[in-house]
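K.L.:
This is the structure I have questions about; it appears just below.
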Number of protein chains: 2
Amino acid sequence: MAQKLKVAIIGSGNWGSAISKIIGNNVKLHPDIFQEDVNMWVFQEQVDGKNLTDIINEKHENVKYLPGIPLPENIHAVSDVKETASGANILVFVLPHQFVYKVCESLKDVISPDCKAISLIKGLDFQDNNLTLFSEEIEKILGISCACLSGANIASEVAEEKFGETTIAAKTEEDGKIFEKLFHTPNFDVKIINDHVGVEVCGSLKNVIAIGAGICDGLDYGNNTKAAVIRRGLLEMRKFGKTFFGGVRTETFFESCGVADLITTCAGGRNRKVAAAFINSGKSIDEIEKEMLNGQKLQGTTTALEVHRFLESKNMTDEFPLMTAIYRIVYEGAPPELLAENLRTRKF
Amino acid sequence: MAQKLKVAIIGSGNWGSAISKIIGNNVKLHPDIFQEDVNMWVFQEQVDGKNLTDIINEKHENVKYLPGIPLPENIHAVSDVKETASGANILVFVLPHQFVYKVCESLKDVISPDCKAISLIKGLDFQDNNLTLFSEEIEKILGISCACLSGANIASEVAEEKFGETTIAAKTEEDGKIFEKLFHTPNFDVKIINDHVGVEVCGSLKNVIAIGAGICDGLDYGNNTKAAVIRRGLLEMRKFGKTFFGGVRTETFFESCGVADLITTCAGGRNRKVAAAFINSGKSIDEIEKEMLNGQKLQGTTTALEVHRFLESKNMTDEFPLMTAIYRIVYEGAPPELLAENLRTRKF
């Protein structure tokens, strides 16, 4: 390989910081392929009167979003996103989806055409009753190819180096080999596939299904119903991908990004937890989110709303009875029993 | 239909009693198809000085194995298995697998050739390093066709009429229609498929995978590892079915008998619980089973042992690294860390 690849990480929250630990170590393990120094974009904040970037660069720890986990010293926190990405050959996008457009627009002019990206962003983009995948949005705006990574990856457990698996959808075999070297460790087992639609649809819709699992728990429906919700969720996710994006493969649902991530999200996770509390509270979902999440919005409820609007515009809500029930219970005050009602006698 | 079908239930434990509630009600809903009276074989026991059969027939409750749940009055407890099955057109086998041979042998002479069976038995039969499915054993001994039923069906929740799903593999479309009428209710959603191998392999091997999930929990490995164990378990179950039984279909793993039942068994259930305790105890699995199960054996550990002997005889233990790790940890004193070790770098 002629040129050593420079990696930049765009984002530094809980997941971004956990992944920076892996990337920082892996580039050192492959000095023939990667440059050692890795920039990480940090949205500047003050912590105890100091810049978060300064703290990260001095203490090698993201004290705000991943406290207690030492980061490799070759990870450099940078507050300017253009400076972060300048000269990079690989961009790792790991930031909340609402920031994607603004960040990509500002990077447009500094990106070299041979740069590649990988998206760790969860969510689908809904605009004007149309929906797209974030990897495709990044490709469109920056004019570069974009892979994606998703799996049963609770950030804190990845940071603590507990064993887990993940799935990367790469556009070419060569890209796959590079991303495997950048992310794979003995405790973060990377599998490369070529179905980016499946990976992103799973990563996004699992949060909607987890709301359904939380409704189950809130109603004390038991394990049989919850297993039915997860199973139907898996099938609606697949149907959604096949119907609206074409290329989703059944095998992808057997990968970590598929069934494994769905199980983890429906077993724990805040989407499930908040939905269970919502059922028991008699309050609106907005109130509950305010109380439990300090004003943040759940990804699952937001996505449920957007998916529903999209399905309504296509006149296809009946084709996705589980996601439709979840939407109606959360946003239209439908009785929670609609969940089981909508699973009955619908053969999937 | 010329003749009304007479149904007999062979078995009356927790699951047998729960299913008798459904059958008793459903035959009354379809008087054009089924005879109203249903015999249920009860292994005779004394409860407070009275015959269990008498208690069931007087109180309409199986006070020993499903207390608190009223059974339909058209379910008749019978202590003689030949008498139970005499004249039956449909036999529902729902008894511990170790009794199957003896019971089938004793039924041989009383079964009419147009009788059909359905097996709710979990487990595979291993003899002389060979393994077979119980539905096929029943077919062989009795010379009649045998369907099977399995799903994410915790018996107590089915008995309480909480919503759940199940899967029936039927040999013909006509059989499927009859079994759907016999078992389907608004809260016990039956799906008919035609892959009996998939249904029975899932129903049996899920208990082995649940031992792996319990080892994870015992080691406090976290959600990412546990999701990986469940995912790999699903793939090893599929590979096992494909390698040794031919006809297993990928779609079957998306049914209730597949992913849903596996999730339920790995989330709760005694296989998982006992395995977690085993890891933390430093005692042998035999001791732990004695302490926790009153001398009963776990289905998961027994099946793990039998599967391992079978794989060894085929020289194929390396092809099933998860089930092999579970066996070695439970029976050979291998360090529990072998679980993650055997998942690493094996691409499934």
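K.L.:
Heavy-atom accessible area per residue, chain B, 1.4 Å probe: how many Å²?
P.N.:
38 Å²
K.L.:
Residues with amide H under 5 Å of A:Gly164's amide H, sequence separation 5 or more or different chain, H placed in the peptide plane at 1.01 Å from N; which?
P.N.:
A:Phe188, A:Asp189
K.L.:
What are the label-to-label distances in nm, one decimal and shortest first, from A:Tyr331 to the same spot in the other copies, with labels 7 Å along Cα to Cβ?
P.N.:
Counterpart label points of A:Tyr331 in the remaining copies fall at 5.4 nm.
K.L.:
Shifting gears a bit: Got a sec to turn the phi values of region A:30-37 into Karplus ³J(HN,Hα) couplings, 6.51 cos²θ - 1.76 cosθ + 1.60 with θ = phi - 60°, whole Hz, x for Gly and Pro?
P.N.:
10, x, 6, 9, 10, 6, 6, 7
K.L.:
What list of ³J(HN,Hα) values in whole Hz, one per residue of region B:83-98 in order, does the Karplus curve 6.51 cos²θ - 1.76 cosθ + 1.60 (θ = phi - 60°) give from phi, with Gly and Pro shown as x?
P.N.:
For region B:83-98, the Karplus-derived couplings read 4, 4, 8, 4, x, 6, 9, 9, 10, 9, 8, 9, 9, x, 5, 5 Hz, x marking Gly and Pro.
K.L.:
Can you compute 3J(HN,Hα) from phi for each residue in region A:129-145, using the Karplus curve 6.51 cos²θ - 1.76 cosθ + 1.60 with θ = phi - 60°, rounded to whole Hz and x for Gly and Pro?
P.N.:
6, 10, 9, 9, 8, 5, 4, 6, 5, 4, 4, 5, 5, 8, x, 10, 7
K.L.:
Total accessible area buried between chains B and A, 1.4 Å probe, in Å² to the nearest 100?
P.N.:
When B and A are taken together, about 3800 Å² of accessible area is lost.
K.L.:
To continue, here is another question. Strictly over 22 Å apart at the Cα level, which of B:Lys102/B:Lys122; B:Lys21/B:Lys177; A:Lys4/A:Lys177; A:Lys59/A:Lys122 would you flag in this model?
P.N.:
Violating the 22 Å limit, Cα to Cα: A:Lys59/A:Lys122.
K.L.:
Please check region A:224-271 for residues whose accessible area, probe 1.4 Å, is lower by 40 Å² or more when all protein chains are in place than in their chain alone.
P.N.:
Flagged in region A:224-271: A:Asn224, A:Ala227, A:Arg231, A:Arg238, A:Phe254, A:Val259, A:Ile263.
K.L.:
Separate question: With the full set of protein chains in place, find how many percent of the accessible area of the protein assembly as shown is carbon and sulfur; take the probe as 1.4 Å.
P.N.:
The C+S portion of the solvent-accessible surface of the protein assembly as shown is 47 percent.
K.L.:
What does the charge dipole of the protein assembly as shown about its Cα centre add up to, to the nearest 20 debye, if the Cβ of each Lys and Arg holds +1 and the Cβ of each Asp and Glu holds -1?
P.N.:
320 debye
K.L.:
To continue, here is another question. What does the copy distance list look like for B:Asn25, label position 7 Å along Cα→Cβ, in nm and ordered from shortest?
P.N.:
Distances between equivalent label points, in nm: 5.4.
K.L.:
Something else now. Given only helices, namely DSSP H runs of n ≥ 4 each adding -39500 (n - 2.57), what is the per-residue ellipticity at 222 nm of the protein assembly as shown, to the nearest 500 deg cm²/dmol?
P.N.:
Estimated from H runs of four or more residues: -15000 deg cm²/dmol.
K.L.:
Taking amide H positions as placed 1.01 Å from N in the peptide plane, with prolines and chain starts having none, which residues 5 or more places from B:Phe34, or on another chain, fall under 5 Å of its amide H?
P.N.:
Those qualifying (amide H under 5 Å, at least 5 residues apart or on another chain) are B:Leu5.
K.L.:
Also: In whole angstrom, note down how far apart the Cα centers of region B:1-44 and region B:144-201 are.
P.N.:
14 Å
K.L.:
What spacing in nm lies between the two simple spin-label points modelled at A:Glu341 and B:Met292, each 7 Å away from Cα in the Cβ direction?
P.N.:
4.1 nm
K.L.:
Another question, then. Specify the inter-centroid distance of region A:300-344 and region B:276-344, based on alpha-carbon positions, in whole Å.
P.N.:
A separation of 43 Å, based on Cα centres.
K.L.:
Debye calculation, C-alpha points only, no solvent: report log10 I(q)/I(0) for region B:22-100 at q = 0.13, 0.27 Å⁻¹, in the same order as the q values.
P.N.:
-0.42, -1.43
The values are calculated or read from the model by the stated rules, or taken from the named source; none is laboratory data. Bear in mind the structure is a predicted one, so any value in this text is a computation, not a measurement. Here the Cβ is made from the backbone with ideal geometry for all residues, glycine too, and neighbour counts use every protein chain on show. These area figures cover heavy atoms from the full protein model, side chains too; ligands, DNA and RNA do not enter into them. Shrake-Rupley method; radii C 1.70, N 1.55, O 1.52, S 1.80 Å.
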